[in-house]
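The values are calculated or read from the model by the stated rules, or taken from the named source; none is laboratory data. All figures in this text were calculated on a predicted structure; none of them were measured in a lab. Cβ atoms come from the backbone with ideal geometry, glycine included; neighbour counts cover every protein chain shown. Each accessible area value is taken on the protein alone, full model and side chains, heavy atoms only, with ligands, DNA and RNA left out. Shrake-Rupley method; radii C 1.70, N 1.55, O 1.52, S 1.80 Å.
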There are 2 protein chains.
Amino acid sequence: MEVLAAIDTLRTVRRFSDRPVDPDALRTILDAGRRAGSSKNLQRWAFIAVRDRALLGELGAVGPWANHLSGAAVAVALVTPDPRAADAPLSIVFDVGRAAENMVLAAWALGIGSCPATVYEQDVARRLLGYPASHHCEYILSFGYPADPADLVRPNRARGRRRLEEIVHHDRW
Amino acid sequence: MEVLAAIDTLRTVRRFSDRPVDPDALRTILDAGRRAGSSKNLQRWAFIAVRDRALLGELGAVGPWANHLSGAAVAVALVTPDPRAADAPLSIVFDVGRAAENMVLAAWALGIGSCPATVYEQDVARRLLGYPASHHCEYILSFGYPADPADLVRPNRARGRRRLEEIVHHDRW
């Protein structure tokens, strides 16, 4: 799939089929995240790839809109140093956003949909995933083949995004 | 260019040729940012596209490693609500990271290189770009055709990224 087509057609998918994501596809997705650029090349990220069905079921409890994780073929938790620490630079979160976008675009190119979940219940995520106290998980991405294959080719919603003219300034605000 | 190839070959480019980025290419890059997903579809971003040469020259002063902005064909300032406000969610910065990655990948597919600059001198950026006091600009992206076309096809540095096995955990940390 071409880059521009992937960016233009990417849609959030929240309902997934039972078809597993095979290890090669998962590796391609994770490797796309690994390849992302980062501030001073610090790569302040770790990815926990969850395929255990019982664990996926429990991950749905990390937030009020995180139910899609329970039905995912695989979830990828994005773990970073604590971005709320007093001296934490904004780049921790900016960089993991770049890595996440690489992952969802790589998945999309393989016909695999995705949806990000925000972790509201930090204690639940930490208990389930076991990352150290020094670390933090704000986002967990669902991945899987769409339950409805039409999701892959559905046209963008009209007005799903603001128009370019509403968000772009030239030379000065 | 294929998605996976773009992700795998994308390199930071800091030195640009004099060749301008035409309006269609610029629009494609900005539109790729516009298309990014965002928390609750809030799209908390504005993009200031700078092509004025005098202004580009001055933008190089926003930080100690921001000189590449002075030689860019176009710079795109990523403007958001203040991510350091007391109640600001992390998603402001995560989302603009997703938008930035879309832009640099779209540019790369057009043969256009890029480099992000961190704004250390907030007052300078605000004076030059004129965004409102309610807003913040942490990152400005340089775009341009590489001064050295070999940048587009240079192999990845060995050990430029940690190995996948160093950053991936399965099911639990």
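Give the peptides B:49-57, B:148-156 in descending order of average Cβ contacts within 10 Å, highest first.
On the way: B:49-57: 15.8, B:148-156: 11.7.
Averaged packing, sorted descending, gives the order B:49-57, B:148-156.
Can you pull out the buried accessible area for chains B and A, both sides counted, probe 1.4 Å, rounded to the nearest 100 Å²?
Working: alone 10760 and 10760 Å², together 14860 Å².
The summed interface area works out to 6700 Å².
Quantify how strongly other chains surround peptide B:147-159 by giving the mean number of their Cβ atoms within 10 Å of each of its Cβ atoms.
That works out to 0 on average.
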What percentages, rounded to whole numbers, describe P(r) for the stretch A:87-133 computed over all alpha carbon pairs with 10 Å bin width beginning at zero?
21, 35, 38, 6
Where in the stretch B:78-164 are there chymotrypsin sites (Phe, Trp or Tyr not before Pro) that are in a DSSP coil and have at most 13 other Cβ atoms within 10 angstrom of their Cβ?
none
For the stretch A:162-172, Karplus-derived ³J(HN,Hα) couplings (6.51, -1.76, 1.60; θ = phi - 60°; whole Hz; x for glycine and proline) come out as 4, 5, 4, 5, 7, 10, 10, 10, 10, 6, 9
222 nm [θ] for the protein assembly as shown, helices only, -39500 (n - 2.57) per DSSP H run of 4+, per residue, to 500?
-9500 deg cm²/dmol
Over all residues in B:4-16, what is the mean tally of Cβ atoms on other chains that come within 10 Å of each residue's Cβ?
4
Output, in nm with one decimal and in ascending order, the distances from the A:Tyr120 label point to the matching label points of the other copies (7 Å from Cα along Cα-to-Cβ).
4.0
On average, how many beta carbons from a partner chain sit within 10 Å of the beta carbon of a residue in A:99-111?
5
Considering every Cα-Cα pair within the protein assembly as shown, what fraction, in whole percent, is farther apart than 36 Å?
16 percent
May I ask you to list, by number, the DSSP H helices of chain A whose Cα span along the axis is at least 18 Å and whose average Kyte-Doolittle hydropathy reaches -0.5 or more?
A:91-109
In B, who owns the beta-carbon nearest the axis carrying B over to A, and how many Å from it?
B:Gly97, 1
Just to confirm the numbers: B:Ala85, label point 7 angstrom along the Cα-Cβ line, distances to the other copies in nm, shortest first?
2.7
Checking the stretch B:55-158 for trypsin sites (Lys or Arg not before Pro) in a loop per DSSP with at most 15 other beta-carbon atoms within 10 Å yields B:Arg84, B:Arg157
Under 5 Å between amide hydrogens, which residues at least 5 positions from B:Tyr139 or on another chain qualify, with H placed 1.01 Å from N in the peptide plane?
B:Leu78, B:Val119
Shortest first and in nm with one decimal, please list how far the B:Lys40 label point sits from its counterparts in the other copies (point 7 Å along Cα→Cβ).
3.4
Express the relative contact order of chain A as a whole percentage, based on alpha carbon pairs under 8 Å and six or more residues apart in sequence.
33 percent
For the stretch B:3-167, just run the numbers: alpha carbon Rg, then divide by 2.2 N^0.38 Å, N being how many residues it has.
1.03
